[in-house]
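Laboratory data are not the source of any read-out in this text; all were calculated from the coordinates shown. Quick caveat: nothing in here was measured; it's all calculated off a predicted structure. Because the Cβ atoms are built from the backbone with ideal geometry, glycine has one as well, and the counts that use them run over all protein chains shown.
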Amino acid sequence: MTVAEPLIAREYVVSRIPFTVRRVVDWVECDPAGVVYAGHYTEYMSSAMRIFREHGLGEALGVASDGKDFSTPGKAVSLVFLGPLWPRDVFDMVVYAGEPRKSTIDVLVHAVRVDDGSSVFVGRTTSICVSASDRRQTVAVPDHLRRAIEEYRAVAPAMPDVLRQVEHRA
């Protein structure tokens, strides 16, 4: 069996500061015209956020584990489309951390094409800290998570234009 081109990973970390996840568009993520379905952008962002939380902050997303007494389910998502993607396009998702609040944390993602640096999307996800035993009860962002976020923000502050594009409006 002959391989026409080298195989590459579909998604991988290319930088720790700022935390950057590189993604290659797969044909199955596209419509018959070859354009990425809009719904995949939120999947891309969620994946970059999960990788950042686990490997950049050392904190798994979502469910409580390893004796943790809190969980971090999603609370809000904001995403702005800035450019299309096609099969085999390569793009980087640069991840920033928002300022932690009392019981919520934000992760911001700015996706750019590798070939020309043009923006693909910007997005923000907000997670809320809740009790592991009662998910209806909010809890304060744990000190270790707050410290990790603040340390990352000190070395990789979010760009103001990214923040403006994904502000949560009440």
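In the range 88-115, which residues have a backbone nitrogen under 19 Å from the label point lying 7 Å from V24's Cα in the Cα-to-Cβ direction?
88-94, 112-115
Neighbour counts of other C-beta atoms within 10 Å: give me C129, C30 arranged from fewest to most.
With the sparsest Cβ surroundings first, the list reads C30, C129.
Could I have the simple spin-label model distance between F81 and A38, label points 7 Å from Cα toward Cβ, reported in nm to one decimal?
My value for the distance between the label points is 0.5 nm.
Sum up the charges of everything whose Cβ sits under 13 Å from the Cβ of Y12, counting Lys and Arg as +1 and Asp and Glu as -1, but leave Y12 out.
+2
Counting only other residues whose beta carbon sits under 14 Å from that of A48, what net charge do I get with K and R as +1, D and E as -1?
+2
For K75, which sequence-distant residues (separation of 5 or more, or a different chain) have an amide H within less than 5 Å of its own amide H, given hydrogens modelled in the peptide plane?
Under 5 Å from the amide H of K75 lie the amide H atoms of T126, S127, I128, each far enough along the sequence or on another chain.
With a ≥ b ≥ c the root eigenvalues of the C-alpha gyration tensor of the range 11-159, is it rounded (a/c under 1.5), prolate (a/b larger than b/c) or oblate?
Prolate, because a/c is 1.5 or more and a/b exceeds b/c.
Could you work out how much longer the chain between Y12 and D116 gets when fully extended? Use 0.36 nm per residue separation minus the Cα distance between them, nm to one decimal.
35.5 nm is the gain from fully extending Y12 to D116.
Output wanted: per-residue J couplings in Hz (rounded whole) for the range 70-84, from phi through Karplus 6.51 cos²θ - 1.76 cosθ + 1.60, θ = phi - 60°, x for Gly and Pro.
9, 9, 10, x, x, 10, 8, 9, 9, 9, 10, 7, 10, x, x
At what distance in nm do the modelled label points of V90 and A132 sit from each other, each positioned 7 Å from its Cα along Cα→Cβ?
So the two model labels end up 4.0 nm from each other.
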